[in-house]
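Below: one structure, written as structure tokens.
The values are calculated or read from the model by the stated rules, or taken from the named source; none is laboratory data. Since this is a predicted model, take the numbers as computed values, not measurements. Quick reminder, even Gly has a Cβ in these numbers, built from the backbone with ideal geometry, and neighbours come from all protein chains shown. Side chains are part of the model used for accessible areas, which takes the heavy atoms of the whole protein and leaves out ligands, DNA and RNA. Shrake-Rupley method; radii C 1.70, N 1.55, O 1.52, S 1.80 Å.
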Amino acid sequence: MILLIALQVLGQVIDPLRQQRDLDIRRAGVRLMKAISFDCVGLLFHSSLLHCLSSLLEKAGERTSKNRLVKHFPPVFCGSSTPRIAPLGQAQGSFFPYSCQKHNIDPGEAFPTLRLVPLKRLTLCGLLLLAVSTRGESLISDYSTWKYLGGRAEASDPPTAWRMLDFDDDHWKEGRSGFSIGYGRYDAPTTLWEMPGKYHSLFLRKKFTLQDTEWIKSLVMRVDYRDGFVAYLNGIEIARRGLAGEPGQAVPFNALATLHYRGNPELIDLEPYKMLLERGENILTVQAHDNAVNAYGFAFHVELLANIVRGPIIESTTTTDTKIAWQTLKPTTSVVEYGPTAELGQQIKSEMLTTDHVLQLIGLKPNSTYHYRVGGVAEDIPRFSKTASFKTLKPSGPVRLMLLGDSGSGNLVQHKFAKVIRDNQPDAILHAGDIVYDFKSGPPNYYPDFRHFSVYKEHMKSVPYFTTIVNHELYYGDTAYLNTFHLPTNNLPSLGLKPPNQDYPFSGTEHFYSFDIGDAHISVLYNPWYAHHNFSKDTNQLHWLTNDLATTSKPWKLLLGHFPVASSASHGWSDYDRNALPDSFDFGNTIYPIVAKYNVDLMLAGHSHTYEKFNPINSMISVVCGSGSAGYPFYRFFPGTSQFSGRPNNFVARINIDGDQLKLD
């Protein structure tokens with residue numbers, strides 16, 4: 001009987017797969033599928049043809065009634081008690097996605113149940129990295145293409161000629177900014193492996209074109225460097241750090257700079273020099289120096305910015321509203337001009353002077369494009385960004401999401417991911433945390449721009465990023481993260497706290513929250529890792545989560561968190577709560593009964609720097625996508641894994657939801 005059922009389901013599933021153009025088992029590797037129908041529920045299998053039939057029989061689980069199969073929980077995730085599986089014979093009526101009227105649910109009442117969903121299909125495969133390009137409204141953006149020359153001698157004869165626009169630099173090398181001698185996973189996009197011991201200065205040239213200069217009211221250079229530099233705009237010195245000499249005085253190619261550590265970026269006010277800008281072609285040149293002949297610390301990152309020094313960024317976007325955040329060098333008022341066309345026509349503003357700006361647009365139309373620009377007034381001078389656009393979320397229907405995690409290095413991989421994300425045109429981004437290593441409110445070791453905002457800025461102005469707060473956002477407290485991001489908040493104040501509720505700090509905060517997009521409901525968890533926060537003991541978050549999942553009517557339910565419920569890398573076996581059980585097992589014992597009862601389809605995580613997929617447990621599949629900056633090696637086989645990719649690979653994942661199909665690749 002089991003063989004007959006397996007063959008029936010095999011025929012139902014393989015035929016549609018053959019019609020998919022992107023089916024290539026040799027390239028995509030193992031794909032998990034879950035095909036759920038009225039008569040055969042919870043049948044789990046690999047799509048590799050070599051192992052398909054044997055996997056069907058192995059993973060079918062225990063036959064509990066005629067023509068029906070159930071996948072039971074592995075005992076390790078069920079604690080000491082026996083899991084209570086709802087008898088199939090008791091299922092009544094049509095099997096449609098779970099929905100109910102709003103009411104409070106006690107997480108203690110949640111228990112494993114059989115997942116019954118009609119004709120849903122979920123496909124998983126791998127995603128390739130693509131080539132890279134950059135674009136943006138910054139005058140000179142991070143990761144722009146520069147000409148550079150190692151300082152083995154003067155760059156030109158006479159020594160000042162290389163600073164000029166018409167200098168012939170065809171024989172110079174070309175590379176993406178920033179530049180460094182190599183820091184492992186923290187490498188700048190262009191590494192100068194030959195620099196130590198051979199030369200200790202670098203000459204840099206970057207041409208840029210302006211169609212108009214009148215809109216530029218504030219000119220700022222963001223620079224992170226070790227150890228010193230002098231910068232010139234159209235041949236005129238505009239900034240000098242760590243190098244001897246008066247302004248305009250030439251610096252010899254072999255001069256040594258004063259020691260200055262990277263991670264202390266400066267925003268240098270160049271407003272007095274904005275008159276040097278010309279319509280048409282301009283050039284920024286830089287002479288950067290190390291502090292010793294055999295030093296191994298050289299680094300140089302730079303952006304040239306007009307009016308706005310961070311953003312604009314859209315956040316917490318819904319079907320009818322969005323927040324827009326940005327930063328300025330000097331305090332200004334806050335203004336957003338917006339409208340359905342590039343002519344804008346509407347405005348909201350705040351007269352409070354600030355450098356950190358955030359305003360919320362409300363009363364927007366669902367699934368509609370809006371154009372906008374941000375700015376403000378300082379000293380009676382208005383200063384605005386260039387016009388950008390965004391789209392409000394759709395209330396239902398197909399949706400495309402992108403998932404990444406642990407991307408906080410700001411290295412070459414980040415810029416590749418930024419290109420992949422832009423090219424796929426997602427409706428929203430899910431970030432599983434570790435956004436910046438490490439997230440702080442200021443120097444030293446302050447990297448949020450060159451490791452995140454400057455990397456993804458062109459996309460963040462048009463598409464919302466929904467993030468989680470995790471360990472690398474918490475090492476210096478959560479204040480910097482909460483002040484920087486403007487995310488949805490949870491509704492615990494209206495639900496009421498559960499004991500023990502003394503001084504519970506996360507009621508009504510952004511630490512955990514949920515949102516709807518198209519046909520998907522996404523619950524974002526506060527689960528950094530058990531060394532910081534014991535999720536299993538957070539009765540109030542569990543109280544919120546069960547109510548959140550019980551009250552949504554969306555057909556697809558996803559969980560986004562940081563700490564994985566399973567991982568074959570070392571983090572999958574850590575025991576930070578010191579109870580002699582891996583924290584992933586503790587997490588599984590807590591979360592699996594909940595996701596089973598409330599019909600969660602997909603659980604997404606990071607933390608382990610790998611890309612790993614697991615066989616479904618009661619029709620819920622878990623995926624780890626945490627290799628956003630550097631991969632971890634395989635450590636120990638975790639039960640249920642179906643595909644693992646670690647060091648040296650890096651991944652970002654794409655999630656497409658369309659009707660009864662969800663595809664993750």
Being of a type outside the set (Val, Ile, Thr), under 15 Å from Leu474 (Cα atoms) and open to solvent by less than 20 Å² (accessible area, probe 1.4 Å) is the filter here, so list the residues in the range 430-461 that pass it.
Ala432, Gly433, Asp434, Tyr437, Phe439, Gly442, Pro448
Residue tally, condition under 24 Å from Arg422 (Cβ atoms), in a strand (DSSP E or B) and open to solvent by 40 Å² or more (accessible area, probe 1.4 Å), over the range 636-655
1
Is it the case that the range 511-530 has a residue that's closer than 30 Å to Thr320 by Cβ, open to solvent by 20 Å² or more (accessible area, probe 1.4 Å) and in a loop (DSSP other than H, G, I, E, B)?
yes
Can you tell me which residue in the range 195-217 is nearest to Ala231 (Cα to Cα), limited to those that are part of a loop (DSSP other than H, G, I, E, B) and open to solvent by 50 Å² or more (accessible area, probe 1.4 Å)?
Lys217
Search result, residues across the range 218-242 that are open to solvent by 20 Å² or more (accessible area, probe 1.4 Å) and touching a helix residue (DSSP H, G or I) at 6+ places or on another chain (Cβ under 8 Å):
Asn234, Ile236
Are there any pairs, at least 6 apart or on different chains, whose C-beta atoms fall under 8 Å, with the first in the range 260-288 and on the phi > 0 side of the Ramachandran plot and the second hydrophobic (A, V, I, L, M, F, W, C), and if so, which?
Gly280/Leu210
Within the range 296-307, which residues are outside any strand (DSSP E or B) and open to solvent by 10 Å² or more (accessible area, probe 1.4 Å)?
Tyr296
If you go through the range 155-193, how many residues are part of a loop (DSSP other than H, G, I, E, B), of a type outside the set (Ser, Thr, Tyr) and open to solvent by less than 50 Å² (accessible area, probe 1.4 Å)?
11
All-but-one check, Ile381 against (1) out of contact with any Lys or Arg (no Cβ under 7 Å at 6 or more places or on another chain); (2) more than 26 Å from Arg422 (Cβ to Cβ), failing number (1)
When you scan the range 567-587, do you find a residue that is at pLDDT 95 or above, open to solvent by 10 Å² or more (accessible area, probe 1.4 Å), more than 27 Å from Ser645 (Cα to Cα) and not in a helix (DSSP H, G or I), even just one?
no
Leading residue by the ranking (farthest from Glu266 (Cα to Cα)) among those in the range 321-337 that are part of a strand (DSSP E or B) and under 25 Å from the mean Cα position of the chain (by Cα):
Thr322
